[in-house]
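Worksheet for the structure shown next.
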Amino acid sequence: MDDTLLRNHRLRQRVQKLVASQQAEHLSVEEARGIAGKIQRKGSQAIQALFDLLFDDENPNNPRLAVMLLSEMNDPKVFERIHELLRRPQLPEKVRVALLAIEAIHENPPASVPTLTRPPAMSLDSLVQFTENFWEAMEMEEIAMMWRENFVAEPPEDRLAVLDMLMKSAHPKMLGIVRLELTLGDLKILQFLAQRLTEFTSPMAAALLESLLAHPDLMVRTSADASLQRWRERAKANPRDDRDSAAEPRFYRAFMAADEWSGHYSLVYAVKCPPNDLIKFIVVLLDRWDRGIIDCWGCVRYSHAEFEDLLAAMAKDFADLHQERITKRTALTLLLKAMDLNRRRKHPVPLEFSVWCHLFENEDIVLDPKVPDFGVDCGVCHKPVRTGPRTAPPWVFADLVICNRCSKRPLRCPLCGGSATLPECFLTREESNHRMDLRCPHCFETFQMPR
Ligand SMILES: [Zn+2]
Ligand SMILES: [Zn+2]
């Protein structure tokens, strides 16, 4: 053995030792990132050692850890190695799937690496194995986001074929994918899920079936109904373990930054998840005037320190807007009012939201009266205020909201005949009858708001 080989051998042993002391399911993102960085700095041989762990058949913790750590490395060497391995004809199926998973987790692989053409259909065995081994170390939401990134754009019949394989495991972590598909609402897929959901023991499956009971399609409705009956009979025969309910996420904290003028709220809603008490949270952007929930993203497995860092970074981003901690009640009221507005004004909720709304959907809520109304009408023309990327925000004065059409229209002063737009006039509040009056900028006389 020459010297280089010996050195490489030692380096790889060191990496394996470092990894052997870690448990995949207890690692926070921060810790995983730390270890990944450490290994990355040791060079390509060390990264190579991680890839070797993917082949470990004896200790399932090793391939899981390797997937987690390699997913944290945005290093061209990682992608080169993935593609090199994927070209091997004798590659074990579960390694191949793991490599594809690592690639999928990286949203933006370095541009220098040619994109891989989609692999031929994965075999049933490998997918079931995939769900049971590798996905064990991933959270439901992460799996759903992978589905969002990689499958949602595919035609429904192709998705149905993969869903058929995935749902065989009836693993509760697959339910995030189900949530996405229920929102997308392809009829064939809904009919399939209405039948298949009965095999999941998780109460979330029953809740999802319930949501299908009012579906306009008769077949979806009747399948969901039959599945729900079966689900309930089985649940009665095998009452739930108390540990199950202890495993549900608990509210941790919520924060809000509001831009009163644009009507935008940024809301952070965080829960703690047993058994490790790691933090899962969703960040939602709300438009109070018209569009309700306009954007959202979420994260899992954050440690306390990481979560604090993120909040600090967000507070800095908001600069002049004050980010404050709010109660669970206020946060839920904001979310509910926004969701209601999406429904009323027929603005679709972002698809991602369906993956995350389970963090709070089982909470009982009494609306917080301090949260203002969502979806206002213009104070002049009384039509719903509309907002959008190409629409200027309305003009706001205290609790008066004026759509941008009315606020741009010139008004004629009944006293001096001068012309001015609403924002150019001075507003005065007539306290006795809660009326808003305008003061003409030319003659300074007061006149009534046009109706
Ligand atoms: Zn108006
Ligand atoms: Zn005037």
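The values are calculated or read from the model by the stated rules, or taken from the named source; none is laboratory data. Just so you know, these numbers come straight off a predicted model, no measurement behind them. Neighbour counts run over all protein chains shown; Cβ positions are idealised from the backbone, glycine included.
Some notes on this structure:
- Being touching a helix residue (DSSP H, G or I) at 6+ places or on another chain (Cβ under 6 Å), within 16 Å of ligand 2 (Cβ to nearest atom) and not in a helix (DSSP H, G or I) is a description that applies to residue 441.
- Residue 20 being among the aliphatic types (A, V, I, L, M) and in contact with an Asp or Glu (Cβ under 9 Å, 6 or more places away or on another chain): no
- A single entry from 239, 274 fulfils the requirement of being free of Cβ contacts under 8 Å to residues at least 24 places away in the same chain and out of contact with any Lys or Arg (no Cβ under 7 Å at 6 or more places or on another chain): 239.
- Taking the listed residues 174, 219, 204, the one that is in contact (Cβ under 8 Å) with a residue 60 or more places away in the chain and in contact with a helix residue (DSSP H, G or I) (Cβ under 8 Å, 6 or more places away or on another chain) is 204, with no other qualifying.
- All of 66, 24, 49, 36 fail the test of being buried (at least 19 other Cβ atoms within 10 Å of the Cβ), more than 26 Å from residue 299 (Cα to Cα) and of a type in the set (A, V, I, L, M, F, W, C), apart from 49.
- Residues that are closer than 25 Å to residue 299 by Cβ, β-branched (Val, Ile, Thr) and in contact with a Lys or Arg (Cβ under 9 Å, 6 or more places away or on another chain) within the stretch 327-370 comprise 330, 333, 349, 355, 365, listed in sequence order.
- From the list 405, 390, 412, the lone residue that is away from ligand 2 (no atom under 16 Å from the Cβ), free of Cβ contacts under 8 Å to residues at least 12 places away in the same chain, not hydroxyl-bearing (Ser, Thr, Tyr) and not assigned by TED's automatic domain parsing to the domain that holds residue 264 is 390.
- Residue that is surrounded by the fewest Cβ atoms within 10 Å (Cβ to Cβ), among those in the stretch 341-383 that are of a type outside the set (D, E, K, R) and within 16 Å of ligand 1 (Cβ to nearest atom): 382
- Subset of the stretch 358-401 [under 28 Å from residue 142 (Cβ atoms) and touching a strand residue (DSSP E or B) at 6+ places or on another chain (Cβ under 8 Å)]: 359, 360, 363
- All positions within the stretch 307-336 that are in contact with a strand residue (DSSP E or B) (Cβ under 8 Å, 6 or more places away or on another chain) and not hydrophobic (A, V, I, L, M, F, W, C): 322, 323, 324, 325, 327, 328, 330
- Listed by position, the helices (runs of 4 or more DSSP H) inside the stretch 159-265 whose residues that are surrounded by 18 or more Cβ atoms within 10 Å (Cβ to Cβ) and among the hydroxyl-bearing types (Ser, Thr, Tyr) number at least 2 are 218-237.
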